[in-house]
Each structure stands twice: as structure tokens, then as C-alpha cells.
1. Could you tell me whether chain A comes out rounded, prolate or oblate from its Cα gyration tensor? Rule is a ≥ b ≥ c as square roots of the eigenvalues, rounded for a/c under 1.5, then prolate if a/b exceeds b/c, otherwise oblate.
2. May I ask you to derive the relative contact order of region A:60-202, considering only C-alpha pairs under 8 Å and at least 6 residues apart, and to give it as an integer percent?
3. Below 14 Å, Cα to Cα, which aspartates and glutamates can B:LYS55 reach? Residues fewer than 8 away in the same chain don't count.
4. So if we plug the beta-carbon distance of A:ASP131 and B:GLU22 into 1/(1 + (r/R0)^6) with R0 = 56 Å, what FRET efficiency do we get, rounded to 0.05?
5. Taking the C-alpha atoms of region B:70-109, how large are the radius of gyration and the largest Cα-Cα span, Dmax, in Å?
6. Report the trypsin sites (Lys or Arg not before Pro) located in region A:1-66 that are in a DSSP loop and have at most 16 other Cβ atoms inside 10 Å of their Cβ, or state none.
7. Computed over the Cα atoms, what is the radius of gyration of region A:265-414 divided by 2.2 N^0.38 Å, N being its residue count?
8. By the gyration tensor of its Cα atoms, with a ≥ b ≥ c the square roots of the eigenvalues, what is the shape of chain B: rounded for a/c under 1.5, prolate for a/b over b/c, or oblate?
Amino acid sequence: MSEKLIYMDNSATSPVDPEVLEEMLPYFNKEFGNASTLYTLGVEAKKAVDKARKQVADLINADPNEITFTSGGSESDNMIIKGVALKEIQKATEENPKNHIITTTIEHPAVLETCKFLEKFGFEVTYLPVDESGIINLEDLKNAIKDSTILITIMHSNNEIGSIQPTKEIGEIARANNILFHSDAVQSAGKIPVDVIEQNIDLLSISAHKINGPKGVGAVYIKKGVTLEVLIHGGGQEKGLRSGTENVPGIVGLGKAAELANIHLEERMKHNQEIRDALMEKVTSNIKDSYVNGSMENRLPNNIHFRFSGIEGESLILRLDKKGINGATGSACSTHDLKGSHVLAAIGIKPALSHGSLRLSIGPENNIEDVDYIVESIDEVVTYLRKLSPLWDNKNDKYIGDLFEKEVDEEDLDRY
Amino acid sequence: MEEYSDKVKDHYMNPRNTGIIENASGEGTVGNPVCGDIMTIYIDVDENEVLTDVKFSTFGCGAAIATSSMITEMAVGMTVDEAYNITRNDVAEELDGLPPIKMHCSNLAADALQAAIDNYRYRKENGEI
């Protein structure tokens, strides 16, 4: 292991900010009260939770009463999608089954798998395609709407390629058709402006650990007046929307992280974008056959997603790790089902090429001074792996992977 | 993610016998870019049917590179018949094991070596070498 550590996988998770940690610590053993109890310890815990509710609300321009704490982004997505589906299906009539959901092909698995789950119970789901930038077409959305549509769930920005959806316009379309609009903003909140009023959002998911808060805590925004079925029943915490004793230290951490993200939003966006643009420019101009996946215009300032022909992502990640650089890949090896990235497939990247992808996601602790070292390291590793690769013609220094493209045969499928 | 053994790590960080053998006695390619692994193995065989040189070229994950590298070390000095009997399990065992998920998908080196030997035998039968 190299001594230097350049952590650039902040879209996977991020280190807890020392200020956040300091704020959380008393709530583990000094102010450990149950927020539902009446004595001072409990009242103090309740106050801390309410303070965090205000901090989270401020980050997305909501009212504190519209914020409910959860265990993280995945729970938030499940709670909203299943909660709306179960609420709306009760209004089904002979003419209108009230069972149609619209989403996209590039959602996070927490949304996609939840939609697939609901399909088993008679819900119908439309998966909108995206263009090569990873953005939906608003006309497709309009055309997909039916009388039975109860929910549009489209992510604010994509976790792999950082493409930012036209959330405001999606919300307008949803409003005009009287359909609820949920946005998974796990990668956006605290990274770019998220404003539930201006962007016409009815329901929103966020997570703490992507914004230098702790793991295991997140929140949902539920617009005043919107109701959904409750999934976690019990003692009635969080106004009955999510039972279970409040994770007070986690909630305090989420609140502080949201506050800091809010205060530093513009400065961090600028910081991230400087590093992003320098890296994208230097890598694509220095390394042959290297490309940026996703939109160049509508892209998270902290997201970089490269593609290198002729090499495989896991090998790239392992070698970069030896150089002290931590990133992610869309290669099959990085996914639990070994099928490779559904997002890269959706934007039309051939499988052999999607294996050679590298996501670098920037955080506040990254430095522009490290850019040259990162570029050199990537260059060195890519060059080495190409020397080893049958998909790279080393005599003529070019990609020949297309020669190997073939239909997947039974034996290959069997390997999944 | 499940960790690789030290031996696997050593072989993917410092792969042995990489490259191409010009005018090899036999060569074999297996895998599919869709799955993320393509492996070519080159062999040189002497008049006693002994493998004198084995090299590889691999597009794939750490396990794919490590198994390729490992089998080149195992096969040199073996007769063609002996080398043909090396199994996927033999390679994995020699590497002190592979994560279960990799046993299936990236452990193709034995197949590639067999393909190279098949190619050698075919060429020999047809008088090409």
C-alpha cells in the first residue's frame, strides 16, 4: 500500500467531517435519552432531533414538518415508492387501476428493485430510456403518462455518470397531470442546489453518508398534504410515519452535515468542478482512447466517469489502489450480479468498453495539487494493462476489441 | 468486496510470462468481452512434447490475470498431455484459493491452455508444424 491516500470515491461514501463527529459524540453516552420520553434527557434528545430536522429542511428549502428521518437512501426510496403505491392502489376503480409508475432505466437499484418488486403485485412500471448523456426526454415522459399513473420517480442526478435530470420540468409535467413526483436526490443534496419548491418536487430521498455525515441515516421530504402508507409500524415515532426509536446521534450528524453542505455549497461546487475539469481535460488529452461517459453540461460538479478501451475496471482499481488512489468502476466485477453497469448499458456503451470504466467522485478533502499525480498514475496503469490485453494491438497501439465481439453463448451465460 | 489471497495479489500485481510468442506452436483464446474476460495463451512445444515456453495476454479482473499468470508457471516443463489435464481447480488451489464468485467467472486459464494445446495438436496433425 502506498503511503499517499487520495480518496476519490465520495459518491460511494465519504468520511465523517470532524465537526459533524464532534456534534454527534455527546449523543452516544451523555445525551443518550430516548426522544420520546418526558424527563430532561429525553427532552434534550427531542430538541436535538428537531434541530436536525430544521437543518435538513433548510438544505432543500422545505418546512421542518415535511422531513422524516430514515436509515438512509435505500429506506427512503422504499418508503416513498411502496408507500405511495399502497396508498394509491386503494383508490382503484373498475375504470382506473391506479397502478402505474414511471421511472427510468438508470435509477439506483433502491428504486429499480423496488419497482420490480411492485410489478410482482400487479403494478405496472414504465422505464424511460435516456440519451447518450444520461438524460431523459421530456416528451417520452409526457407520452408515458396514463390515467392510471400514480407516481413519477426520477432521480435528481445519477450516481454513476453524474447526469442531472431536468427535475423542475419533470415536476411541472407531474403537477399538470396531478401525479406525485419523487426524486432520489441522494447524490444531489448538498452537492448542487436542491430546492423542492422551485423544482416542483413532492417527495425526495436523501442520505447522510454521501455528504460527510454518518452511515445508516437519511431522510425523506414529504410535501405537506401528501399522504402515504406506512411501512414500518410500531411506537409511532416520526409522527407515525416511521416507527423505531430515533437514531439520535445519526440524526444529529445528518443535520450538521446538511448544515455544513448548505453553508459551503457554492464554494464546494467550485472546488469540485475545478478538480473535475482539470482531471477530465488532462486524462482525455494525455491518454489515448480515453473518454468521458455522460453529459458534459448537465453533470454533477463532483463526478468524473472515464472509459478506457481495452482494459478491465477491477484490474484498474486494484492497481490504482496500490498507488493510493481510490475510485470505482462499472465493470461486471464491481457489481453483485456480475452483469456490469445498467447505467452504461442505458447510455449505449458496449459491454467490452463499459468494463473499462473508472468513476472518480470528488469531496471537499481532495486537492487540485493531486491532479497531476492522479493523471500520471492512471496513464501508467492503463498503459500497463493494455500491454497485457488481447484487446489492444500493441504493435500498432490501437484498440482491437471489436474483433472479439460475439454473441454471448450458453457457456458464457452459465458463468453468471 | 471479498479479499484475494496474497498469492493471487502477487500474481496480478506482478504477472509472470506476459506477452505474445511469435510463431508459437499453439495458441488459444477463450472468454467473451461481454463478461469482461478474454484470455489468450501461447505455447511452444519441443520435439519431446514438452512445453518449453508459455505466455499469456489477458483482458480481465485481478483473478483473470492471476490465473493466467499462475498457469504459465505451472505448465512450463510439463508434457502436452500433462498440461492438458490441469483443471480450473488446480489453478485455484495453486493460488491458495479464489473468492467463490471468481471461481466461476474469471477462472478460465485452464480452458485457454487446453485451447492452445488443441490448436497445437490440430496444426501438428495437419502438418503445419
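We did not get these values from a lab; they are worked out from the coordinates using the rules stated. All values reported here derive from a predicted model rather than from experimental measurement. Here Cβ is always computed from backbone atoms with ideal geometry, including for glycine, and neighbour counts include all displayed protein chains.
1. The shape class here is oblate.
2. About 26 percent, as a whole number.
3. Correct list for B:LYS55: B:GLU22, B:GLU27, B:ASP44, B:GLU73.
4. Given R0 = 56 Å and the Cβ-Cβ separation, E is 0.80.
5. Answer for region B:70-109, Rg first and Dmax second: 10.5, 31 Å.
6. Here the sparse-neighbourhood loop sites are A:LYS4, A:LYS30.
7. 1.07
8. In terms of gyration-tensor shape, prolate.
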